[in-house]
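The values are calculated or read from the model by the stated rules, or taken from the named source; none is laboratory data. Small disclaimer: the values here were computed from a predicted structure and weren't measured. Because the Cβ atoms are built from the backbone with ideal geometry, glycine has one as well, and the counts that use them run over all protein chains shown. Each accessible area value is taken on the protein alone, full model and side chains, heavy atoms only, with ligands, DNA and RNA left out. Shrake-Rupley method; radii C 1.70, N 1.55, O 1.52, S 1.80 Å.
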Amino acid sequence: MAEAKPGDENYPITVLIEELKNEDIQLRLNAIRRLGTIAKALGVDKTRADLIPFLNECLDDEDEVLMALAEELGNFVEHVGGAPYAHVLLQPLESLAAVEETVVRDKAVEAILKVAEHIPNESFEVAFLPMLKRLSTGDWFTPRSSACGLYALVYPRISDGAKPDLRQLYGKLCNDDTPMVRRAAASNFKKFVVTVDKAQIKSEMIPIFQTLARDDQDSVRLLAVENCIAIASKLDREDTVSLMLPVVHACVNDKSWRVRYMVADQFSNVCNVFGQDIARSELVGLFVKLLKDSEAEVRTAAASKVTGVALMLEVDTVIKQLLPCVHDLVTDDSQHARASLASDIMGLAPLLGKDLTSTHLLELFLQLLKDDFPEVRLNIISKLDKVTKVIGIDTLAQHLMPAIVELAEDRQWRVRLAIIDYIPLLAAELGVEFFNDKLSNLCMTWLGDSVYSIREAATQNLKRLTEVFGVEWAQNNIIPKVLALSSHNNYLYRMTVLFAISVLSKVVGPDVVNDTMLPLLVKMAQDPVPNIRFNVCKTLQAMIPNLDSTVVQARVKPVLSKLLEDKDQDVRYFGQQAWLMCN
Amino acid sequence: MEFDYLKSVEIEARVSKIRWLTPGSATQRRLLSCNDKTIKLWRVGERCQREYTHVPGSSLLPKIHRRTTNTVARPLRTFANGHAYQINGLSMNSDQETFISSDDLRINLWHTNNKNEAFLVVDLKPANMEELSEVITGAEFHPYNCNLLMYSSSKGLVRVGDLREQALCDRYAKVYEDIEGSEPRSFFSELISSVSDARFSRCGRYVITRDYLTLRIWDLAMEKRPVARIPFHDYLRSHLSHLYETDCIFDKFDFAVSPDSKFIVGGTYHGAFTLVPVAGGQPLSFEAGKPKPSSGGFFGSLSWGRSKKPSAIMKPFHFDPVTADFTNKALRCAWSPNDSTFAVASSNRVLLYSQQSSN
């Protein structure tokens with residue numbers, strides 16, 4: 001070990017280098033993350049001459065260490081002397097791109113892409129092309145997999161003369177023996193193909209794509225749709241129809257539900273890329289098939305795309321062809337399909353307009369609003385504004401209340417939590433009177449829910465309602481009720497009042513704070529339960545930044561000074577914290 | 001040793017299955033192992049010890065030399081909490097990334113890169129547990145069709161499911177039931193019909209199953225009856241009550257198929273094993289020989305195939321109910337995927353046999 005002592009200018013680096021050799025993985029990781037420091041201390045020349053070769057020998061380490069190393073190397077360009085020398089980093093990164101563990105390889109590819117940005121165009125081909133070829137023809141499947149992720153970057157930047165070889169290599173990867181390589185090739189295809197010229201796409205890339213779309217392995221085939229969309233974006237309409245449409249047909253009719261799922265999931269994009277004419281003539285039939293698919297997962301995916309597809313169709317088609325399927329989906333066996341439909345169906349209202357919505361859609365909304373499954377009901381409520389803009393709230397209002405009440409009293413607290421989230425939205429839609437009449441009691445009940453998360457959400461809810469309806473409304477409707485809770489027997493309810501005050505004080509304005517809230521806090525500072533007393537301190541501490549300093553001196557400090565001498569030590573502690581805020 | 005707190009049952013650290021992943025490299029391979037509840041992915045391979053030498057004055061960084069190589073196994077990922085019941089099947093998919101694991105009632109689909117999620121693909125749990133009459137005894141993926149999986153049951157049935165058809169494959173695509181050849185009803189018939197091991201053939205056209213007394217070879221295209229029914233150690237048939245009393249009737253023997261699909265090897269009692277020619281012909285049974293002192297004890301050799309004369313070490317095995325040792329069970333065997341070497345596990349030994357080139 002080279003002799004170095006703490007005084008030596010080299011000491012910090014020698015320590016780090018020792019850590020690089022240490023058996024303990026945490027120390028090695030630590031050192032790797034500080035590689036930049038080592039490099040700076042060594043200087044660019046020594047970094048290139050000594051450090052990089054050393055790192056090249058370190059590549060049989062644990063996965064975590066290799067991941068960290070790949071990440072560091074991605075940022076190392078300046079440490080090796082800038083753009084002219086960036087290529088030296090490719091050697092260790094190429095090896096890292098060939099290791100077994102996927103996460104390490106992914107990081108290495110990421111780092112290579114980063115380094116590539118710094119390499120100037122003149123030297124790009126010399127630096128990258130041989131490496132890419134080596135990776136693409138590596139013995140083991142791992143470098144070949146990683147290679148697939150680099151083509152999109154390399155291809156546009158090399159000379160035209162080198163391009164045919166590269167396309168051919170990619171074709172080989174798409175036909176690789178190992179399913180994992182084919183899968184990597186298929187999933188990177190869409191990024192690569194958009195860098196290729198139209199003529200070559202037609203002559204070379206499309207045949208390759210077609211073999212991928214017919215692959216034995218489901219996991220390769222299901223990537224066909226996304227690739228189809230990418231190719232179609234580069235072709236003109238005629239070619240798109242003759243070459244890509246058959247693939248879409250094949251996917252919709254594929255034996256594997258996973259492939260059909262992918263088409264359903266991407267169907268809006270498919271429609272967009274093929275254009276309105278094809279959408280209206282051919283694609284609508286395929287979409288209907290997916291909406292009626294035997295596998296619930298496929299129907300669920302398709303249901304979420306109904307509005308997206310409808311946007312491309314004529315209203316008449318929507319009513320004649322899509323609505324019957326939508327009708328069936330409302331009573332689908334699978335709750336996930338129904339929930340997915342519920343989150344999308346509201347979008348049809350603006351499309352159909354007021355009359356048609358009332359005739360065709362309203363009954364569907366109402367049926368979904370009465371669904372057994374809470375998520376279905378919640379999804380309808382969440383998109384309510386789309387409908388109310390079209391047909392107004394009145395027709396829905398009377399049906400909404402039973403649905404809301406049922407959700408508000410659901411046995412599962414997460415359902416109750418979800419409906420609270422929508423209350424401000426509903427309040428804004430339904431208006432003050434309706435709210436006061438029907439919903440305000442509900443909001444107060446939640447303040448006393450047995451689950452803490454509900455009580456907390458309820459207080460936040462009050463704040464948001466105040467923002468919707470205004471301070472005066474809050475003053476007249478909420479504050480009295482909240483304050484009334486402060487004398488409840490159960491201390492948890494009294495605690496909730498404190499949280500509510502803390503939250504509401506931000507929105508109600510100084511008058512309410514000074515006239516109503518502060519006196520209450522003063523009173524609660526004498527509560528028999530210590531938790532209440534120290535939460536008074538915490539509430540005051542939160543409020544002080546928004547209070548006028550005279551008020552702080554005149555009214556807050558006296559309260560706190562008493563609590564500083566409280567018999568409970570937690571009260572004294574929080575009192576101290578709040579006291580410090582006063583000054 | 002783990003403890004399942006919910007059921008107050010100890011989970012043994014006993015590894016019940018090992019499955020190799022392909023492809024591997026020259027120095028590293030991965031494998032899956034499982035005990036009753038947990039599956040682990042391991043990397044097995046060579047690990048070099050590094051040695052560092054400093055050349056003073058030249059560079060702050062040392063030179064690295066590689067020295068001793070030893071083989072290490074490192075756990076990469078643990079797939080836990082996927083099974084409420086004992087795991088009895090583990091199989092890699094031909095996509096080389098996903099695998100299934102089965103217990104009595106369910107089969108899960110996992111991805112080797114994701115230890116936090118598993119998809120349920122078969123669920124046999126009845127709404128009312130009292131109606132339970134059949135459990136899963138094993139599961140395997142087809143060797144090259146990524147969508148086909150096969151699972152065997154305690155009733156002697158084999159089902160093949162197609163993952164393409166539905167997200168939840170409870171509704172199997174095909175079921176293979178040997179009604180003609182099933183055991184005549186008796187007190188023991190249900191117990192001995194339970195499939196203890198079931199595998200696809202290498203070519204993917206056949207399924208081979210073993211229950212307590214019989215090997216069956218099924219053609220996937222024919223569900224009504226197997227193409228071959230091979231009695232394995234039929235002489236045990238008259239001793240079933242004794243085997244029941246000693247719990248031996250619950251023993252789960254497996255089997256292995258030669259790479260050329262010409263032979264099947266399976267173990268029996270008394271530490272013996274039987275080689276069955278698939279095309280028909282006399283099965284040959286051998287007692288696991290005593291170890292030769294000079295060779296360190298664990299290698300035997302067996303000459304079979306062309307010449308029926310066994311070598312000096314291998315004793316032909318003839319079942320004798322009086323002297324047979326029922327505590328020495330050769331439950332596990334395996335055949336090398338590339339050559340004629342197979343292994344049989346008997347008591348606390350693993351014995352390797354390979355075909356001699358000529359006799």
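At-a-glance table
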{"quantity": "Kirkwood-based shape ratio for the protein assembly as shown, expressed as Rg/Rh from alpha carbons", "calculated": "1.04"}
{"quantity": "Cross-link pairs beyond the 32 Å C-alpha cut-off, checked among B:LYS40/B:LYS125; A:LYS289/A:LYS386; A:LYS255/B:LYS262; A:LYS354/A:LYS438; A:LYS163/B:LYS115", "calculated": "A:LYS255/B:LYS262; A:LYS163/B:LYS115"}
{"quantity": "Fraction of alpha-carbon pairs over 29 Å apart in chain B - percent", "calculated": "47"}
{"quantity": "Ratio of Rg to Rh over the stretch B:28-162 (Cα coordinates, Kirkwood Rh, two decimals)", "calculated": "1.24"}
{"quantity": "Volume of the Cα convex hull of the stretch A:188-332, divided per residue and given in Å³", "calculated": "92"}
{"quantity": "Surface accessible to a 1.4 Å probe, A:ILE25 within the full protein complex, Å²", "calculated": "40"}
{"quantity": "For the stretch A:222-305, radius of gyration divided by Kirkwood radius, i.e. Rg to Rh on alpha-carbons", "calculated": "0.94"}
{"quantity": "CD proxy at 222 nm, helix term only [per DSSP H run n ≥ 4: -39500 (n - 2.57); per residue of chain B; nearest 500]", "calculated": "-500 deg cm²/dmol"}
{"quantity": "Radius 14 Å from Cβ of A:ALA484, net charge of other residues (Lys, Arg +1; Asp, Glu -1)", "calculated": "+3"}
{"quantity": "The stretch B:198-264: radius of gyration over Cα atoms, expressed as a fraction of 2.2 N^0.38 Å", "calculated": "1.26"}
{"quantity": "At R0 = 35 Å, FRET efficiency that the Cβ-Cβ distance of A:GLN168 and A:GLU23 yields, to 0.05", "calculated": "0.15"}
{"quantity": "The stretch A:492-564: equivalent-ellipsoid semi-axes (sqrt of 5 x gyration tensor eigenvalues, Cα, Å)", "calculated": "18, 15, 9"}
{"quantity": "Cα centroid of the stretch B:159-228 to Cα centroid of the stretch A:158-237, whole Å", "calculated": "41"}
{"quantity": "Average beta carbon contacts from partner chains per residue of B:60-72, 10 Å cutoff", "calculated": "4"}
{"quantity": "Distance between the stretch A:426-489 and the stretch A:83-148 - C-alpha centres, whole angstrom", "calculated": "59"}
{"quantity": "Stretch gain in nm, segment A:LYS133-A:GLN276, where the contour uses 0.36 nm per residue and the Cα spacing is subtracted", "calculated": "47.3 nm"}
{"quantity": "Chain A, helix-only ellipticity at 222 nm - DSSP H runs n ≥ 4, -39,500 (n - 2.57), divided by all residues, nearest 500", "calculated": "-19000 deg cm²/dmol"}
{"quantity": "Hypothetical label at A:ASN514: residues of the stretch A:545-561 whose amide nitrogen lies under 16 Å (7 Å Cα-Cβ projection)", "calculated": "A:545-557"}
{"quantity": "Cα gyration tensor, the stretch A:31-169 - rounded (a/c under 1.5), prolate or oblate", "calculated": "oblate"}
{"quantity": "Spherically averaged projected area in nm², based on the convex hull that wraps the Cα atoms of the stretch B:113-247", "calculated": "10.5"}
{"quantity": "√(5λ) per eigenvalue of the Cα gyration tensor, the stretch A:459-583, largest first, Å", "calculated": "23, 17, 11"}
{"quantity": "Under the Debye formula (equal points on every Cα, no solvent term), log10 I(q)/I(0) of the stretch A:276-413 at q = 0.10, 0.20, 0.22 Å⁻¹", "calculated": "-0.32, -1.17, -1.36"}
{"quantity": "At least 50 Å² of accessible area lost relative to the chain alone, listed for the stretch A:215-236 with a 1.4 Å probe", "calculated": "A:GLN217"}
{"quantity": "Solvent accessible area, Å² - A:GLU282, 1.4 Å probe, full protein context", "calculated": "70"}
{"quantity": "Heavy-atom accessible area, 1.4 Å probe, ligands and nucleic acids excluded: residues of the stretch A:158-188 down by at least 30 Å² from chain alone", "calculated": "A:PRO179, A:MET180, A:ARG183"}
{"quantity": "Sequence-distant aspartates and glutamates (8 or more away, or on other chains) whose Cα lies within less than 14 Å of B:LYS7", "calculated": "B:ASP36"}
{"quantity": "Where A meets B: accessible area buried, both sides, 1.4 Å probe, Å²", "calculated": "3300"}
{"quantity": "Straight-distance crosslink candidates among aspartates and glutamates, where the alpha carbon sits under 17 Å from B:LYS63 and sequence neighbours closer than 8 are dropped", "calculated": "A:GLU3, A:GLU18, A:GLU19, A:GLU23, A:ASP50, A:GLU57, A:ASP60, A:ASP61, B:GLU51"}
{"quantity": "Reachable aspartates and glutamates from B:LYS252, criterion Cα separation under 12 angstrom, eight or more residues apart if same chain", "calculated": "B:ASP197, B:ASP211"}
{"quantity": "Overall Cα dimensions of the stretch B:7-88, principal axis frame, Å, largest first", "calculated": "65, 30, 17"}
{"quantity": "Cα Rg, Dmax (largest Cα-Cα span) when computed across the stretch B:243-286, Å", "calculated": "12.4, 39"}
